[in-house]
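These notes are about the structure you will find just below.
The values are calculated or read from the model by the stated rules, or taken from the named source; none is laboratory data. Bear in mind the structure is a predicted one, so any value in this text is a computation, not a measurement. Quick reminder, even Gly has a Cβ in these numbers, built from the backbone with ideal geometry, and neighbours come from all protein chains shown. Accessible surface is based on the protein model in full, side chains and every heavy atom, while ligands, DNA and RNA are left aside. Shrake-Rupley method; radii C 1.70, N 1.55, O 1.52, S 1.80 Å.
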Amino acid sequence: MFQMPNLPYEHNVLEPVISKQTIDLHYGKHLQTYVDKLNDLVKGTDLEGKTIEEVVKEAPEGPVFNNAGQVLNHTLYFLQFKPKQENNRPTGKILQAIERDFGSFEEFQKSFSQASVDIFGSGWSWLSVDKDGKLIITKEANGSNPVRHGLKPLLGFDVWEHAYYLDYQNRRKDHIDQLWSIINWEAVESRM
C-alpha cells in the first residue's frame, strides 16, 4: 500500500516561496488523492505490492500510470525542500556533476529554469542521471517521470498550475525563479 511521504518541515516554513495554503492543498489534498486513487487502482492486480518506481515503469498509459507518476513526482518534489536561504547553491558531488555536465551551476540553473518555463500546459522538469552517471534535463508531460525512460530523477519542478497559482497566479517564471532558494541540495545529492 502506498503512503503519503512525511514532510521534514512544517507546512508554513517554505513561505513566502510556497505558502502554507498551497502546501495544505497541494500536498494535503492533491497528493493524498493520487495516493488513495493509486491504492484503489492496483488492488488485486499484478502491480499490487510493487514499488512506486516499478509501477511507473511497468504500468500501461492510463489511470494507474497517471496516478503512480504523480505519487512518485510529488513525493520527490515535497522532500527536496527546506526553508528559504539566500544564495542557496549545491556543494559536493552534486555540484561537481553539475559543473562537469553543464559547465557551471549558473548555466545549469538557466537551462533548467528555461525548460520549466517552456513546458506547454502541465508537467514537470527534471534533473536526472542516466545509467552512465551523466546529468540531463528532461521535460515530462502531465504525470510522467524520468524513471519511465530508464533515468533516475534527482530534482523536479512541478509546473502544474495547482503548484503555484495561489501564490503566483499565472506567473510561472516567478515561481520557478523563487524555487531555487528552497532546494535542499543535500536531499538532491542523496538521490544520486
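How big is the dipole moment of the chain about its Cα centre under a simple scheme where the beta carbon of each Lys and Arg is +1, that of each Asp and Glu is -1, and everything else is neutral? Debye, nearest 20, please.
Charge dipole of the chain: 120 debye, to the nearest 20.
Rank Val188, Phe112, Gln96 by how far each Cα sits towards the positive end of the charge dipole of the chain (+1 on Lys, Arg Cβ; -1 on Asp, Glu Cβ) and give me just the farthest.
Checking the options against the dipole of the chain, the answer is Gln96.
In the chain, carbon and sulfur make up what percent of the accessible area (probe 1.4 Å)?
Answer for the chain: carbon and sulfur cover 49 percent of the accessible area.
At 0.36 nm per residue, and after removing the present C-alpha to C-alpha distance, how many nm does the segment from Lys134 to His11 gain when stretched out fully?
40.9 nm
With the other protein chains left in place, how much accessible area per residue, in square angstrom, belongs to the chain at a 1.4 angstrom probe?
Accessible area per residue: 49 Å².
Counting only helical runs of four or more DSSP H residues, what would the 222 nm mean residue ellipticity of the chain come to if each run contributes -39,500 (n - 2.57) and the total is spread over all its residues?
-12500 deg cm²/dmol
When the Karplus curve 6.51 cos²θ - 1.76 cosθ + 1.60 is applied with θ = phi - 60°, which whole-Hz ³J(HN,Hα) does each residue of the stretch 145-156 get, with x for Gly and Pro?
Running phi through 6.51 cos²θ - 1.76 cosθ + 1.60 with θ = phi - 60° gives 9, x, 4, 4, 10, x, 9, 10, x, 10, 9, x Hz.
Report, by chain and number, residues whose modeled amide H sits under 5 Å from the one on Ser122, excluding near sequence neighbours (fewer than 5 apart, same chain).
Counting only residues 5 or more places away or on other chains, the set is Asn142.
Please identify the chymotrypsin sites (Phe, Trp or Tyr not before Pro) of the stretch 119-150 that satisfy two criteria: DSSP loop assignment and at most 11 other Cβ atoms within 10 Å. Which are they?
Phe120
Straight-line reach from Lys50: which lysines have Cα under 26 Å away, leaving out those fewer than 8 places along the same chain?
In chain and number order, the partners are Lys29, Lys37, Lys131, Lys139, Lys152.
Put a dot 7 Å past each Cα toward the Cβ at Lys43 and Arg191; how far apart are the dots in nm?
The modelled label-to-label distance comes out at 3.0 nm.
For Leu154, which sequence-distant residues (separation of 5 or more, or a different chain) have an amide H within less than 5 Å of its own amide H, given hydrogens modelled in the peptide plane?
Leu127, Ser128, Val129
Just to confirm the filter: which trypsin sites (Lys or Arg not before Pro) across the stretch 87-152 are DSSP coil and have at most 15 other Cβ within 10 angstrom of their Cβ?
Lys131, Lys134
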